[in-house]
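Each remark here refers to the structure printed beneath this line.
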Amino acid sequence: MKKSVVFIFLVLASFLQVSILDYVKVFGVKPDFLLVGVFLVSIIFPQKEALILSASAGMLKDIFTPYSFGINTLLFAFFSLLIVRLGKEISLDSNPIRFIVLYIVSFCNTAAARFMFFFLGNTVPLHVFLRAAFLGSLYTALIALLVFKIIPLSEKTV
Amino acid sequence: MVAKERFKKNLEILRQREENAKEIYLENIRLKNLLDFTRQSEYKLVAGRVIGRSPDNWSSIVIIDKGQNSQIKRGMVAITPLGLIGRVIEVTGSTAKIMLINDPNFSVSSIVQRSRQEGLVSGTLGGVLMMKYLPNEADIQVSDIVLTSGLTEMYPKGLPVGEVTEVGEEFSGLTRYALIKPAADLTNCEEVLVIIR
């Protein structure tokens, strides 16, 4: 049941990310629903499935992102692995901890993507990066709290 | 009781049909405007419907449902009846990605219609564009119309870019800048036209 709900969320997140989210921008940034999806699958699914689903989510994002095919696939898979490993070290059961972890993951994801963009010769202005990194990550983490209320997470399904 | 239920259901169906009809009517008006514009335009245009938008926070792109099969190529200019909207950056057989004019990587050489003052218009990712590197004595004021200058090879001369909403001085004090409200509606564009010749 939980697995199917998360899977539906991931598909829905892809559609939301490239459609109506542009209309709910706050200070020019929108939340990354797909990253929230990656966080969810990393908590709920076993490592192998989480990796496959996260890479698929990254691929979906890459399809719609200019000049960067592969970047999000790699980053999402990497961060999924990181969350799975982190989940084995510390408890990710409480919402404040999930909020903090997701904020850090989102921030690192933004920073890593900018770094890769830079080496691909596609510069992102510093003010745009800072806005996306600080506000975008906050927005993503806040939206995730709402998602956690809709999809209650307690223990890993194996 | 049954009749009341049936009446409620019928009412709901009629409401839904009315909504659909309204949507079709609005789409009809938009497409009619596009068709009129295409007929009057000196360019050969291909109309595409917006089917997706940029998923991240640092680019402003739209994806349209026309691509190489409709003769669209990388670098071609996209417009709406209101003005310049962007340029094609990636093409597949049936889709094309268009970088909008408010993307931070977008810039086009432009000219102020009234004073013929030239400047470089760039995207800020927000709702306004910025005309940069204007000399202090530049003749530019609020409400001036900005057009493409034709100096950037791929953009035809005279396409409306936007209207000046603010003129200010750069932090260094050496040059000035102007904020421009785009002529085309970038947030709500549903159809775009690509200039193929």
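Each value in this text was obtained by applying a stated rule to the coordinates, not by laboratory testing. Only a predicted model underlies this, so the values are computations on that prediction, with no experimental measurement involved. Neighbour counts run over all protein chains shown; Cβ positions are idealised from the backbone, glycine included.
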Item checked: Local electrostatic count at A:SER137 - Lys and Arg +1, Asp and Glu -1, tallied over other residues with Cβ under 13 Å -> +1
Margin query: Using the Karplus curve 6.51 cos²θ - 1.76 cosθ + 1.60 with θ = phi - 60°, what ³J(HN,Hα) values do you get for each residue of the range B:176-185, in whole Hz, with x for Gly and Pro?
Written below: 10, 9, 9, 8, 10, 7, x, 5, 8, 7
Notebook entry, point to check: Near B:GLN16, within a Cβ-to-Cβ distance under 14 Å, what is the net charge of the other residues, with Lys and Arg +1 and Asp and Glu -1?
Noted result: +1
Item checked: Sites A:ARG85 and B:PHE171, calculated FRET efficiency, Cβ-Cβ separation with R0 35 Å, nearest 0.05 -> 0.20
Check: Please identify the trypsin sites (Lys or Arg not before Pro) of the range B:46-131 that satisfy two criteria: DSSP loop assignment and at most 10 other Cβ atoms within 10 Å. Which are they?
Finding: B:ARG116
Note to self: Straight-line reach only, C-alpha to C-alpha below 25 angstrom: list the lysines that A:LYS88 could link to, leaving out same-chain residues fewer than 8 apart.
What the structure shows: A:LYS2, A:LYS3, A:LYS48, A:LYS149, A:LYS156
Note to self: If each DSSP helix of 4+ residues adds -39,500 (n - 2.57) and the sum is divided by the residues in the protein assembly as shown, what number results at 222 nm, nearest 500 deg cm²/dmol?
What the structure shows: -14000 deg cm²/dmol
Item checked: Total charge dipole magnitude, chain B, about the Cα centre, Cβ charges on Lys, Arg, Asp, Glu only, Debye to nearest 20 -> 920 debye
Checklist line | Acute angle (nearest 10 degrees) that the helix A:2-17 long axis makes with the longest principal axis of chain A, alpha-carbon atoms | finding: 10 degrees
Next item on the list: Springs between alpha-carbon atoms under 10 Å, Gaussian network over chain A: tell me which of A:LEU86, A:LEU126, A:LEU75 tops the mean-square fluctuations.
Entry: A:LEU126
Next item on the list: Mind jotting down a quarter of the surface of the convex hull over the alpha carbons of chain A, in square nanometres, one decimal?
Entry: 8.6 nm²
Next item on the list: Work out the charge dipole of the range B:15-126 with +1 on the Cβ of Lys and Arg and -1 on the Cβ of Asp and Glu about the Cα centre, then indicate which of B:VAL91, B:ILE63, B:TYR43 is farthest towards its positive end.
Entry: B:TYR43
Notebook entry, point to check: Separation between the B:ASN33 and B:ILE196 pseudo-spin-labels, each 7 Å from Cα along Cα→Cβ, expressed in nm?
Noted result: 2.4 nm
Item checked: Set of aspartates and glutamates near B:LYS8 by C-alpha distance (under 19 Å), chain-local residues within fewer than 8 positions excluded -> B:GLU18, B:GLU19
Next item on the list: Taking a cut-off of 23 Å between Cα atoms, list the lysines near B:LYS9, but don't count ones fewer than 8 places away on the same chain.
Entry: B:LYS22
Item checked: Distance violations [Cα-Cα > 20 Å] among B:LYS73/B:LYS181; B:LYS44/B:LYS66; B:LYS66/B:LYS181; A:LYS30/B:LYS66 -> B:LYS73/B:LYS181; B:LYS66/B:LYS181; A:LYS30/B:LYS66
Next item on the list: Distance between Cα centroids, the range A:63-84 to the range A:1-47: provide it in whole Å.
Entry: 14 Å
Check: Using a simple charge model, +1 on the beta-carbon of Lys and Arg, -1 on the beta-carbon of Asp and Glu, nothing else, what dipole does the range B:1-40 show about its Cα centre, in debye to the nearest 20?
Finding: 160 debye
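Counting pairs of alpha carbon atoms under 8 Å apart in space and at least six apart in sequence, what relative contact order in percent does chain B give?
Numbers: 428 pairs, mean separation 40.3, N = 197.
The value is 20 percent.
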Next item on the list: With springs only between Cα atoms under 10 Å apart, run a GNM on chain A and tell me which of A:SER56, A:SER137, A:SER80 wobbles the most.
Entry: A:SER56
Item checked: Residues whose placed amide H lies under 5 Å from that of B:TRP58, excluding near-sequence neighbours -> none
Margin query: Under 10 Å, Cα contacts only: if you run a Gaussian network model on chain A, which one of A:ILE104, A:ILE90, A:ILE143 comes out with the highest mean-square fluctuation?
Written below: A:ILE90
Checklist line | Per residue Cα convex hull volume in Å³ - calculated over chain B | finding: 167 Å³
